[in-house]
Amino acid sequence: MKIILATKDKIDDIANRYVTLELDVFRINGEKVSSWCIIDASDIGLGELTELNHWIEQHNNLIRNYRQGNWNYCLQMLEHIKGKFGGNLDSFYTELFARIQQPMPEAWDYVIEKE
């Protein structure tokens, strides 16, 4: 697994060859840039490949709900999705779980500020 920073248009070429999953969004010098997990299909077990599209959709739902601040949905989904993608994203899912456990500011913003 690799993690890269790229805009959506730049990731499309890679998405033709690998499993690409959006993770966090960073604001760097005023510009929003997403981080992406790049997974080679050979890193995913054969049994899981038949359900890969389902788990990609579930990951995308998790990220969408995280950005909306739907914490209950996120906590439930994290229980189900951990261990998928050959376990490549488990550290990210553990980090999301830890973030959700912290008190959230009233003005929730999912974008992580970086200088």
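The values are calculated or read from the model by the stated rules, or taken from the named source; none is laboratory data. Since we're looking at a predicted model, the values are computed, not measured. Heads up, the Cβs are rebuilt from the backbone with ideal geometry, glycines too, and the neighbour counts pull from every protein chain shown.
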Going by the structure shown, is Lys82 closer than 22 Å to Glu115 by Cα and of a type outside the set (Asp, Glu)? no
If Thr20 satisfies every condition in (1) among the hydroxyl-bearing types (Ser, Thr, Tyr); (2) free of Cβ contacts under 8 Å to residues at least 24 places away in the same chain; (3) assigned to a helix (DSSP H, G or I) but one, which is the exception? (3)
Which of the residues that make up the range 31-67 are assigned to a helix (DSSP H, G or I) and modelled with pLDDT under 95? Ala41, Ser42, Asp43, Leu46, Gly47, Glu48, Leu49, Leu52, Asn53, His54, Trp55, Ile56
Here the qualifying pairs (Cβ atoms under 6 Å; residues six or more apart or on different chains; first in the range 64-88 and within 15 Å of Asp24 (Cα to Cα); second of a type in the set (Phe, Trp, Tyr)) come out as Asn65/Tyr73; Arg67/Tyr110; Gly69/Trp108; Cys74/Tyr66
With the requirement that a residue be within 12 Å of the chain's Cα centre (by Cα) and either more than 25 Å from Ser42 (Cα to Cα) or surrounded by 15 or more Cβ atoms within 10 Å (Cβ to Cβ) (or both), what does the range 59-76 give you? His59, Asn61, Leu62, Ile63, Arg64, Asn65, Tyr66, Arg67, Cys74
